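Here's the structure we're looking at; comments come further down.
The values are calculated or read from the model by the stated rules, or taken from the named source; none is laboratory data. Every value quoted in this text rests on a predicted model; they were computed, and no experiment measured them. Here the Cβ positions follow ideal geometry from the backbone for every residue, glycine too, while neighbour counts run over all protein chains shown. All accessible areas refer to the heavy atoms of the entire protein, side chains included, with ligands and DNA or RNA removed. Shrake-Rupley method; radii C 1.70, N 1.55, O 1.52, S 1.80 Å.
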Amino acid sequence: MGRKLVVVRHGERVDFTFSDEWIQNCFDANGKYSKKNLNMPDAVPNRPKPIDFLQDCPLTQIGSLQGNLVGKGLREENILQPGFQVYVSPALRSIETAAAILSGMGYSDYKIKVEPTAFEWTGWYSKAMPTWMSPEALAENGFEIDTSYVPLIPASELKSDEPVEEYYDRSFHLVKQLLEKDDNDLLIVGHGSSLDTMTRQLLGFPKRNFREMMNVLRGVPYCGVAITENDSDRNWKLISAASANISMRHSSNSDFCAMKSFMGSGEEGA
């Protein structure tokens, strides 16, 4: 069994489900939160201003369930070996997904390392970058965060004018750095595009342009999973979700498989 890199998209997010109006509907004048729908979270982390959730929203109840199911699948299929390391985008939705995955695996007290390099393409944030919670604030809100971890780059260095090609390079650089740190399996919880940007160059393929990235991104569901494995020849390959038995059908009519979605004609054997 070779070393594995598992990349997971976050679960269903509140703002895409209920629109940005969820903030004004769920917070009173004093900033107190109350859910208005069964699919809304029972509680949200304490933050100085509710408006900070505008670009950094939590998961829905279904989103948390999706993460938990992925964790159960990873555990039942023995995908990640003991000692695996967990890195996560600073986005709250990704952090909550990582926590749900680890809970599903039976590792509720497993430490999460917050890595800004794992954040999605910043070109979607032309007006302003999100205001993220610090690792210390996350820990104070009950998340199992490794507050001693020093990220590859600080969040302040992420710029909103990033070309897509540089986003692929940023993601690949992160993966290379993490793989060189030790020989443990890796679990990275990020965004829909992360499944491709963190594996494409590792597999020996060229980075994509914006149009190509969007074409593959549209097919990645909430909590979509990409599993890559280092074979006996030390080459990385994508593992079929069906063969790993961790595919999960959502509201779509088919199960997501990174191998089928990301591998074009003539790329399967690379």
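Numbers at a glance
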read-out: Within the range 80-136, tally of residues that are farther than 16 Å from Leu59 by Cα and of a type in the set (A, V, I, L, M, F, W, C); value: 12
read-out: Cβ pairs under 6 Å, 6+ apart, first in the range 1-21 and more than 11 Å from Arg93 (Cβ to Cβ), second open to solvent by 20 Å² or more (accessible area, probe 1.4 Å); value: Gly2/Glu229; Gly2/Asn230; Gly2/Asp231; Arg3/Asn230; Lys4/Glu229
read-out: Number of positions in the range 36-50 that are part of a loop (DSSP other than H, G, I, E, B), over 12 Å from Arg93 (Cα atoms) and open to solvent by 20 Å² or more (accessible area, probe 1.4 Å); value: 10
read-out: Matching option when the condition is within 29 Å of Val175 (Cα to Cα), open to solvent by 40 Å² or more (accessible area, probe 1.4 Å) and touching a residue at least 60 places away in the same chain (Cβ under 8 Å), among Glu77, Glu96; value: Glu77
read-out: Complete set of residues in the range 135-161 that are under 20 Å from Leu174 (Cα atoms), of a type outside the set (D, E, K, R) and part of a loop (DSSP other than H, G, I, E, B); value: Thr147, Ser148, Tyr149, Val150, Pro151, Leu152, Ile153, Pro154, Leu158, Ser160
read-out: Residues being closer than 23 Å to Met133 by Cα and open to solvent by 50 Å² or more (accessible area, probe 1.4 Å) - total across the range 151-190; value: 6
read-out: All positions within the range 135-145 that are of a type outside the set (A, V, I, L, M) and more than 17 Å from the chain's Cα centre (by Cα); value: Glu136, Glu140, Asn141, Gly142
read-out: Tyr110 vs. criteria closer than 18 Å to Val70 by Cβ and touching a residue at least 12 places away in the same chain (Cβ under 8 Å); value: yes
read-out: Per-region count, the range 99-127, residues crowded, with 23+ Cβ neighbours inside 10 Å and small (Gly, Ala, Ser); value: 3
read-out: Breaking point among (1) at pLDDT 95 or above; (2) among the acidic types (Asp, Glu); (3) open to solvent by less than 40 Å² (accessible area, probe 1.4 Å), for Glu267; value: (1)
read-out: Scan of the range 199-231 for residues that are surrounded by fewer than 18 Cβ atoms within 10 Å (Cβ to Cβ), hydrophobic (A, V, I, L, M, F, W, C) and under 18 Å from Ala241 (Cβ atoms), ordered by number; value: Leu203
read-out: Conditions (1) open to solvent by 10 Å² or more (accessible area, probe 1.4 Å); (2) within 28 Å of Ser247 (Cβ to Cβ); number of the one not met by Val6; value: (1)
read-out: The range 201-229, residues that are in contact (Cβ under 8 Å) with a residue 12 or more places away in the chain and outside any loop (DSSP other than H, G, I, E, B); value: Phe210, Met213, Val216, Leu217, Val225, Ala226, Ile227, Thr228, Glu229
read-out: Checking Ala118 against (1) without any contact (Cβ under 8 Å) to a residue 60 or more places away in the chain; (2) of a type in the set (Gly, Ala, Ser); (3) touching a strand residue (DSSP E or B) at 6+ places or on another chain (Cβ under 7 Å), the condition it does not meet; value: (1)
read-out: Selection within the range 51-92 - closer than 16 Å to Leu187 by Cβ and part of a helix (DSSP H, G or I); value: Gln66, Gly67, Asn68, Leu69, Val70, Gly71, Lys72, Gly73, Leu74, Arg75, Glu76
read-out: Yes/no for Lys159 being farther than 30 Å from Asn230 by Cα and of a type in the set (Lys, Arg); value: yes
